[in-house]
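Have a look at the structure below before the remarks.
Just so you know, all these numbers are worked out from the coordinates, no wet-lab data involved. No experiment lies behind these values; they were computed from the predicted model shown. Every residue, glycine among them, receives a Cβ derived from its backbone with ideal geometry; neighbour counts consider all protein chains shown.
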């Protein structure tokens, strides 16, 4: 029987936030617009903060045995779900290579923020209840990031 660890969620979240930081740092390089550079730097710094929060939560995470239909069901689900969200270094390089300008970065960022929100919503009920407020806070921040990117897309259209 696989024992689920809340740290599994956090380790994936740490990688997701690292991917986000890399995306936004790359976006700063491909845009010449100072307003966009400022937003992308802000978003990258936010991802660093989120990563640090998840690193702290991972260190104190407890074992948790979620309700399952069969042994290992949830662990298998989380692993399969996170495979599309966490980039290997090669995949990250390939994805960043597709971002040639600010518009590409905005679209990619919007998609990544949506995927992050969905991941955190999917997994929040599988972390100890006392840690859910932290996950909820990150969800709210990711939603704000999404809205900032959508607004930026509207302004630049």
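Listing for the model above:
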{"read-out": "Order of 115, 142 under a 10 Å beta carbon neighbour criterion, fewest first", "value": "115, 142"}
{"read-out": "Neighbour-count order for 107, 95, fewest beta carbons within 10 angstrom listed first", "value": "107, 95"}
